[in-house]
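Visitor: I have a structure here, written as structure tokens, and I will follow up with some questions on it.
The values are calculated or read from the model by the stated rules, or taken from the named source; none is laboratory data. Not measured: the values here are computed from a predicted model. Quick reminder, even Gly has a Cβ in these numbers, built from the backbone with ideal geometry, and neighbours come from all protein chains shown. To get the accessible areas, we keep the full protein, side chains included, count just its heavy atoms, and leave off ligands, DNA and RNA. Shrake-Rupley method; radii C 1.70, N 1.55, O 1.52, S 1.80 Å.
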Amino acid sequence: MINTGKWTPYVLALLRIMAALLFLEHATMKFLQFPGPIQGVPYPLPALLLAAGAIEVITSALMLVGFQTRIAAFIASGEMAAAYFMGHMPYGFWPALNMGEGAILFCFIFLYIAFAGGGAWTLDNTRRPATA
């Protein structure tokens, strides 16, 4: 039997890094219109989207390097819950139809990271001693 448990911190770190990079892409779409503008969003951005973009930049950068990972992930999870209920739910109940699948997935991935931690390769791990 293969011992997959030893890989858990590394796979968790990969999940954290990839989710943070994808989350950062949402911020770059808001602020830089890269890799493209968000469809249906007026520019200049409304205040609510400016605040969302700021949260996305800050929390994704923190999660990317693994600094204050649990706090950043918890805040990002809350933002995605709000994004789903404010931006997607009004268009129907089913996430596949209201285009809210991404927001739900981000919400629960970040919620998991908030409780599980950032895994390996974090600045948080370098700041505190390893526990047995």
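Visitor: Give the residue that is surrounded by the fewest Cβ atoms within 10 Å (Cβ to Cβ), with candidates limited to residues of region 51-70 that are touching a Lys or Arg at 6+ places or on another chain (Cβ under 8 Å) and either more than 22 Å from Leu12 (Cα to Cα) or among the charged types (D, E, K, R) (or both).
Guide: Result: Gly53.
Visitor: Only one of (1) open to solvent by 20 Å² or more (accessible area, probe 1.4 Å); (2) hydrophobic (A, V, I, L, M, F, W, C); (3) in contact (Cβ under 8 Å) with a residue 60 or more places away in the chain; (4) more than 17 Å from Ala27 (Cβ to Cβ) fails for Leu97. Which number is that?
Guide: Failed condition: (3).
Table: residues versus (1) over 17 Å from Leu62 (Cβ atoms); (2) open to solvent by 50 Å² or more (accessible area, probe 1.4 Å); (3) among the basic types (Lys, Arg).
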position: Asn3; (1), (2), (3): yes, yes, no
position: Thr8; (1), (2), (3): yes, yes, no
position: Val11; (1), (2), (3): yes, yes, no
position: Leu22; (1), (2), (3): no, yes, no
position: Thr28; (1), (2), (3): no, no, no
position: Gly36; (1), (2), (3): yes, no, no
position: Gln39; (1), (2), (3): yes, yes, no
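Visitor: Got a sec? Which of Ala114, Ala103, Ala73 is over 30 Å from Lys6 (Cβ atoms) and crowded, with 17+ Cβ neighbours inside 10 Å?
Guide: Going through Ala114, Ala103, Ala73 in turn, just one is over 30 Å from Lys6 (Cβ atoms) and crowded, with 17+ Cβ neighbours inside 10 Å: Ala103.
Visitor: Please state which of the following conditions Leu49 fails to meet, knowing it meets all the rest: (1) without any contact (Cβ under 8 Å) to a residue 12 or more places away in the chain; (2) in a helix (DSSP H, G or I); (3) farther than 29 Å from Trp121 by Cα.
Guide: Answer for Leu49: the failing condition is (1).
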